[in-house]
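The values are calculated or read from the model by the stated rules, or taken from the named source; none is laboratory data. These figures come from a predicted structure and were not determined experimentally. Quick reminder, even Gly has a Cβ in these numbers, built from the backbone with ideal geometry, and neighbours come from all protein chains shown. These area figures cover heavy atoms from the full protein model, side chains too; ligands, DNA and RNA do not enter into them. Shrake-Rupley method; radii C 1.70, N 1.55, O 1.52, S 1.80 Å.
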Amino acid sequence: VQLQASGGGLVQAGGSLRLSCAASGRTARTYRMGWFRQAPGKEREFVAASSRDGSSTYYADFVKGRFTISRDNAKNTVYLQMNSLKPEDTAVYYCAADPVYKGSGRLRDDWDYWGQGTQVTVSS
């Protein structure tokens, strides 16, 4: 599976961005999909994840109520709608795929495939 993330950019605090992650291969629609982020000098951290059909989603506490993960399996694409952005949301955002639902999905090691990352910068 290959993942291609896009949609990052520069936005002012309080603004919105929508990230997209296109997955190659028809089987990607059966995978758990998620988003992580990594700020300079920090560990990669979990942001959000979605079950294969999108019926179950979960989030890191620091994005609850502001970010929404969704997916369109017909397009093999997962999205991350980010609202009310804060300067501390500045990071490289990575999409990830897990075919076998290892662990809770909140750890980096739970995921098998990674996209290349897209930079999100929030100015104050």
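Structure above, values below:
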| read-out | value |
| --- | --- |
| Residue match in segment 43-53 (condition: open to solvent by 70 Å² or more (accessible area, probe 1.4 Å), at pLDDT 95 or above, outside any strand (DSSP E or B) and over 12 Å from TYR93 (Cβ atoms)) | yes |
| Residue list for segment 44-63, filter: charged (D, E, K, R) and in contact (Cβ under 8 Å) with a residue 12 or more places away in the chain | ARG44, GLU45, ARG52, ASP53 |
| Single match in PHE67, PHE36, PHE62, PHE46 (criterion: farther than 16 Å from GLY115 by Cβ and in contact with a strand residue (DSSP E or B) (Cβ under 8 Å, 6 or more places away or on another chain)) | PHE67 |
| Residue ID - least open to solvent (accessible area, probe 1.4 Å), chosen from residues in segment 54-71 that are within 14 Å of ARG106 (Cβ to Cβ) and either part of a strand (DSSP E or B) or basic (Lys, Arg) (or both) | ILE69 |
| All positions within segment 19-41 that are farther than 19 Å from GLU88 by Cβ and of a type in the set (Lys, Arg) | ARG26, ARG29, ARG32 |
| Test: LEU85 is in contact with a Lys or Arg (Cβ under 8 Å, 6 or more places away or on another chain), in a loop (DSSP other than H, G, I, E, B) and within 21 Å of SER6 (Cβ to Cβ) | yes |
| Filtered residues of segment 9-19 (kept if surrounded by fewer than 17 Cβ atoms within 10 Å (Cβ to Cβ) and either in a strand (DSSP E or B) or in contact with a strand residue (DSSP E or B) (Cβ under 8 Å, 6 or more places away or on another chain) (or both)) | GLY9, LEU10, GLN12, ALA13, GLY15, SER16, ARG18 |
| So VAL11, is it β-branched (Val, Ile, Thr) and over 17 Å from GLY115 (Cβ atoms) | yes |
| Tally of residues being within 18 Å of THR30 (Cα to Cα), assigned to a strand (DSSP E or B) and either open to solvent by less than 60 Å² (accessible area, probe 1.4 Å) or of a type in the set (A, V, I, L, M, F, W, C) (or both) across segment 95-124 | 5 |
| Selection count, segment 64-87, where residues are free of Cβ contacts under 8 Å to residues at least 60 places away in the same chain and either of a type in the set (Asp, Glu) or under 30 Å from ARG26 (Cβ atoms) (or both) | 12 |
